[in-house]
1. Probe radius 1.4 Å, ligands and nucleic acids ignored: give me the carbon and sulfur share of the accessible area of region 114-158 as a rounded percent.
2. Tilt of helix 441-455 relative to the longest C-alpha principal axis of the chain, in degrees (0 to 90, nearest 10)?
3. If you average the alpha carbon positions of region 55-83 and of region 310-324, how far apart do those two centres end up, in angstrom?
4. Quick one: accessible area per residue over the chain, 1.4 Å probe, rounded to a whole number of Å²?
5. How many percent of the accessible area of region 283-343 is carbon or sulfur, using a 1.4 Å probe?
6. Report Ser85's accessible area, 1.4 Å probe, all protein chains in place, as a number in Å² to the nearest 10.
7. Test of the criteria: in region 357-463, which GluC sites (Glu not before Pro) are in a DSSP loop and have at most 16 other Cβ atoms within 10 angstrom of their Cβ?
8. Find the Cα radius of gyration of region 100-203, compare it with 2.2 N^0.38 Å by division, and give the number to two decimals.
Amino acid sequence: MTPAPRTVAVIGGGIAGLTAAYDLAAAGCEVTVLETSDRVGGKLRQAEVGGIAVDVGAESILARRAEGLDLVRDIGLIDAIEHPSTASASIWTRDALRPMPPTVMGVPADLQALLASGIVTEAPESAPAAVPDEDVSVASFVEQRLGREVVDRLIEPLLGGVYAGHSDRLSLRATAPQVLALGGDLVSGAARSLAERAQAQQSSQPSPVFFAPTGGVGTLPDAIVAAGDFAVRTSTTVRGLDRLPAHEPGSPRWRLTIGPTTAIEHLEVDAVVVATPAPAAARLLSDVAPRAAFALAAVEYASVALVTFCLGGEFRTTGSGFLAPPVDGTVIKGASFSSSKWQWSRDAASDRAIVRTSIGRAGETLLLQNDDENLVRLALADLTAAVGQAGPVIDAHVHRWGGGLPQYEVGHLDVVDEIDADIASVEGLEVCGAAYRGVGIPAVIGTARVAAARLLGRETLGS
Ligand SMILES: Cc1cc2nc3c(=O)[nH]c(=O)nc-3n(C[C@H](O)[C@H](O)[C@H](O)COP(=O)(O)OP(=O)(O)OC[C@H]3O[C@@H](n4cnc5c(N)ncnc54)[C@H](O)[C@@H]3O)c2cc1C
């Protein structure tokens, strides 16, 4: 068996890179994280809005998957987490905020409740059909069984919220395995799934769906760095990755080319974890794992913008926020009432309200060409139309996430299997991050932990 590497370079200091670095360092490796921007965290980031540090990237972590909570426990933060005070979201459609009826990722469990919500105009007809063997788009799977209105007014806003994508292109297997698991009779499957969940909740402690560290998800990166025993070099771009000829046992296998083109530097290590988004990974891997690089180069990304408001006056809304179906043609695709959701945000905001609005889906680049001032104006107009009154605006902040979210198109998991096979054929090399098996933070952490375990010659870290 190959011995565990002594020195490891982790390229990319997002949640994936930091998690891999944490695990490798905990196992005794000498680890350096190389991050091109001036701070770690990637899509976990905070900015000041109205003098309050708020999340301008990810803001909540799924608690139903274990990976997020496990990491937080490992770094000693488990007693400093919060669950949202409210989880009831609405759909903003047909000129009203309409409470979301019971669904499994947009698949209704009760058609009468859906009709009563006013989200659809007619009760959809349920048309059960066999589950196909091959991957299909989420839209085609649901449309065949429940009609287009359910796709347009429930599935699309939900997927738009998570992937900033279009359900006509997104892979069922990669982006909505919960929907696939409902089987061919979607409504019965959803009703059964929710009933099972309710029963499980009754027989054990209620388990909230989401959590965040007190102070916000954006505080997590620095907490990992503080808890881990690894080095971080920010403002350091990795430009090239080469395999060194093995001169003698124990000599480094990899050479990284780093830094500005005017002051190139090299770093030699035993192993490398590439934890960047797909375009950068494709460039870095082009010589050392060309098949993986080719597949990664084809993964498309959606750009999004978050417009965060600090509002004065009374912000009279209930619930955690809303999602807007793209068929309604609104600029914002949803809003999160942060200071209604999180106690830490409420405490910091005091008599003000923090509201995040999000803009942009795959392919909608024109909208994002608006300057910041216009984006704020457009987002505020939509927010006001949705909630009735929003203001006065004390402060507004725009954060643009160019290439923010990978689009898992139909067949994505086969592509990832090919990438995995190519990477596995190269000793001392691993990849991880949002491009592979889920964009949510727990899934991303999962890929990082697997990458670290493989480099250490273990199947999982526990083994
Ligand atoms: C607006 C937004 C909101 C989101 N909200 C949520 C949420 O609430 N909950 C949730 O679970 N998920 C959410 N997500 C998704 C989740 O945040 C991301 O999928 C996840 O954080 C990605 O982590 P990562 O480490 O794979 O990649 P990234 O965060 O993209 O980190 C990769 C890092 O690599 C660096 N890098 C790139 N190239 C190089 C190079 N050549 N050399 C060195 N460094 C390089 C980048 O600068 C970056 O810091 C959201 C995403 C976005 C965009």
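1. 49 percent
2. Between helix and principal axis, roughly 20 degrees.
3. Each part reduced to its Cα centre gives a spacing of 24 Å.
4. In whole numbers, the chain has 42 Å² accessible per residue.
5. Accessible surface attributable to carbon and sulfur in region 283-343 totals 51 percent.
6. We get 70 Å² for Ser85.
7. In loop regions of region 357-463 (DSSP not H, G, I, E or B), the sparsely surrounded GluC sites (Glu not before Pro) are Glu427, Glu459.
8. Here the answer is 1.01, to two decimals.
The values are calculated or read from the model by the stated rules, or taken from the named source; none is laboratory data. None of the values given here were measured: they were computed from a predicted structure. Every residue, glycine as well, gets a Cβ built from its backbone with ideal geometry; the counts of neighbours run over all protein chains shown. SASA here: full protein model, heavy atoms, side chains in, ligands and nucleic acids out. Shrake-Rupley method; radii C 1.70, N 1.55, O 1.52, S 1.80 Å.
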